[in-house]
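Inspection log for the structure reproduced underneath, given as structure tokens.
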Amino acid sequence: MNEAATEGLRLGDPTSTVSRNASSTHERTRLALCAVVFVLLACAVLTACGGSTSSPDPTTTTPQTAPVPTVTSFTASPASINSGSSSTLSWVTTGAMSTAITPGTLTSTSATGSTRVSPTSTTTYTLAATNASGTTKSTAIITVTAAVAGGPLTIATTSCPGGTQGAAYAGCTISASGGAAPYAFSVSTNSNYPPLPEGLALNTTTGQISSARIGGQGTYSPLLSVTDSTHAQATQQITFAINGDNVFLESIFPSTSIFHHRVDAASTSLPVDTSPAAPIYSGYLSATIKPFFGNTDGAFPNGIPAIDIPYNQPYVSVTTTVYQSYFSAAPIPANAPVEGTSNSTGDRHVLVYLEAGGGMNPALYEMWQGIYEGGPWTDSSNALWPNVSSNALTPQGMGTSDAAGLPVAPLLVDADEVIGTGTATSPNGTIRHPIRFTLNHMLNYWVWPATETAGVGSCTTAGGSSIPTESEISQSSPPSSCTMTGAAGEIYRLKAATASPACASISPQAAIIITALRDYGIILADNGASGGLIGTPDARWNDEDLSCLKSLTLADFEPVNVASLMVSNDSGATSH
């Protein structure tokens, strides 16, 4: 038997205990040595590669996975369009590496942006914002209205009837065509256009314009608008020519009032006022007469309007915000016309004459910067003459709605008194009062019949003493010298030697006014453009005719001494 076979028999023999144990011990020793060698080799390799058997470095950061993008907003503007129009899709995202919008082919690497789209039908757009961690989506809907077979939206009405102040309006209906019904009508509030004449109202559903009593006067050209069910809009400027009804102005104050007294030298022998305070300042003499009244001033009525109301007109609250106040409640109607209309930022005079009746006297209410507040009114100052059948003036120094402390209404030139019983083209009327006018600056004193001033300059007495400014000075005992001229309340007449301009022969309205400038003169009432002549707005005025007044300059006028007529500085009554 060979060696191998013998060994096999020996290992398999259960009776050979010593030999088997020796062999097992030898095998375990050999395996342990192998394990030690393996560990030493592994350590050597790790050391050579920069490895370490120490704990991990605590400053080492383990990479983190980025969050999915967020969509802050995804919008369409406008969200509703007519077929053929376009809209803008805008998006704002955070964390997106790319964005895409479908339907369509737009892709972008911008986190924010916009794109123009023109869908032909109602479309839902989807924005997908993507990065390595995933995709976030958001949607926006654009509603598309099909084109209307009726064609583009337009206002078919191009004109409306005129009217007369104080009367009911004949009515006018604004009609629209095209677009998509139903329609909504409105009047533009753009300050470049006036509202409807005071008292007129627009039915926003039917387009009908009506009024039980017109309050405004003059020519208004508001911008009317119609909007259809798709939000399309069309506009049309339409003119409303309103005749004034101002005959009542002639009855304010008795015929014995200075406000109705002639001042021409031929019939009154009233002398020129030689006071150093009296002349119009030399720097203003070249200024022309400017009619600050007429038919229209662009789209707006031109002048200061006035309205008369019945004795039983309800009183409303009036809040005064700046200067003096004579009343906190007054019979001011909602349709009271405002100078320049409610869209004006100027003087906005509101003049209301209360008729006598029911045991009440006729009265004059005047506001400066009046604003209708949907029932009550506010103003910056106001004045009241509680009984204009008397000659009582307002208290000295208290002020009114103009700088000279004078009433405004009875000193306005109006179309009714010029036209008389004639027509606008063939007037035959007569003006029987001085007409209020303005200078760039008045003297800082007043003379009767004024009761206040707001001017510049000062005067001294013959003894050299200063006269307190903003006080009354006398034409019969005038100051010795003044640093400015043109006292508030001074009346000036057209000089007898001044010939009427040639244009008066073909300007019948201006010719009647020029006659009044000779007989009743002009009265300095306020600061403003030098030579500004003030009247009421009226659709019957012929603006080209009135332009003849510009042929006159302030150098054609002379101050009148009316001291001999004064009974009392608190009364407008004249002695003869």
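With no solvent and one equal point scatterer per Cα, compute the Debye intensity ratio I(q)/I(0) for region 217-313 at 0.10, 0.12, 0.15, 0.17 Å⁻¹ and report its log10, rounded to two decimals. Computed log10 I(q)/I(0) values: -0.60, -0.77, -0.99, -1.08. Place a label point 7 angstrom from the Cα of Val322 along the Cα-to-Cβ direction, then list the residues of region 402-420 whose backbone nitrogen is under 16 Å away. Correct set: 402-405. Our compactness index for region 401-455, the C-alpha radius of gyration over the empirical 2.2 N^0.38 Å, is 1.46. Most tightly packed first, judged by the mean number of other beta-carbon atoms within 10 Å of their residues, the peptides 488-495, 511-518, 65-72 read 488-495, 511-518, 65-72. Counting only DSSP beta bridges whose two residues both lie in region 70-145, roughly 90 percent are antiparallel.
Loop-located chymotrypsin sites (Phe, Trp or Tyr not before Pro) across region 316-402 with a Cβ neighbour count of 11 or fewer within 10 Å are lacking, with loop assigned by DSSP. For the chain, the longest principal axis of the Cα atoms and the long axis of helix 17-48 meet at an angle of about 30 degrees. When restricted to Cα atoms, region 154-243 yields an Rg and a Dmax of 12.8, 40 Å, respectively. Using 0.36 nm times the number of residues separating Asn192 and Ala499, minus their current alpha carbon distance, what extension gain do you get? Result: 106.5 nm gained on full extension.
Scaled to the globular estimate 2.2 N^0.38 Å, the Cα spread of region 247-565, given as radius of gyration, is 0.97. Take the Cα of Ser564, step 7 Å toward its Cβ, do the same at Ser90, and the gap between the two points is 7.9 nm. Put simply, the convex hull of the Cα atoms in region 70-145 casts, on average, a shadow of 4.3 nm².
Its convex hull of Cα atoms gives region 241-370 a direction-averaged projected area, equal to a quarter of the hull surface, of 12.1 nm². Beta bridges assigned by DSSP with both partners in the chain are antiparallel in approximately 75 percent of cases.
Translational diffusion of region 429-576, estimated by Stokes-Einstein from the Kirkwood radius over alpha carbon pairs at 20 °C in a medium of 1.002 mPa s, is 130 µm² per second.
Using C-alpha pairs under 8 Å with a sequence gap of at least 6, the mean separation divided by the residue count of the chain gives a relative contact order of 13 percent.
Helix content alone sets the calculated 222 nm mean residue ellipticity of the chain: runs of n ≥ 4 DSSP H residues at -39500 (n - 2.57) each, divided across all residues, give -3500 deg cm²/dmol. Taking the DSSP beta bridges with both ends in region 247-565, the antiparallel portion is around 60 percent.
Taking the square roots of five times each eigenvalue of the Cα gyration tensor of the chain, the equivalent ellipsoid has semi-axes of 96, 34, 21 Å, listed largest first. Relative to the current alpha-carbon distance between Arg116 and Tyr311, full extension at 0.36 nm per residue lengthens the span by 63.8 nm. Shape descriptor for region 487-569: Rg over Rh equals 0.99 (Cα atoms; Rh from the Kirkwood inverse mean 1/r). Fraction of C-alpha pairs exceeding 19 angstrom in region 60-201: 68 percent, rounded to a whole number. Shown for region 297-383 is the translational diffusion coefficient from the Stokes-Einstein equation, using the Kirkwood radius over Cα pairs, a temperature of 10 °C and a viscosity of 1.306 mPa s: 121 µm²/s.
Per-residue 3J(HN,Hα) values for region 369-383, derived from phi via the Karplus relation 6.51 cos²θ - 1.76 cosθ + 1.60 with θ = phi - 60°, read 6, x, 9, 7, 10, x, x, x, 10, 10, 8, 8, 6, 8, 8 Hz in sequence order (x marks Gly and Pro). Counting 0.36 nm for each residue step from Ser133 to His576 and taking away their Cα separation leaves a gain of 149.1 nm.
Just so you know, all these numbers are worked out from the coordinates, no wet-lab data involved. In this text, all values refer to a predicted model and were calculated from it rather than measured experimentally. Methodologically, a virtual Cβ is constructed for each residue, glycine included, from the backbone with ideal geometry; neighbour enumeration extends over all protein chains shown.
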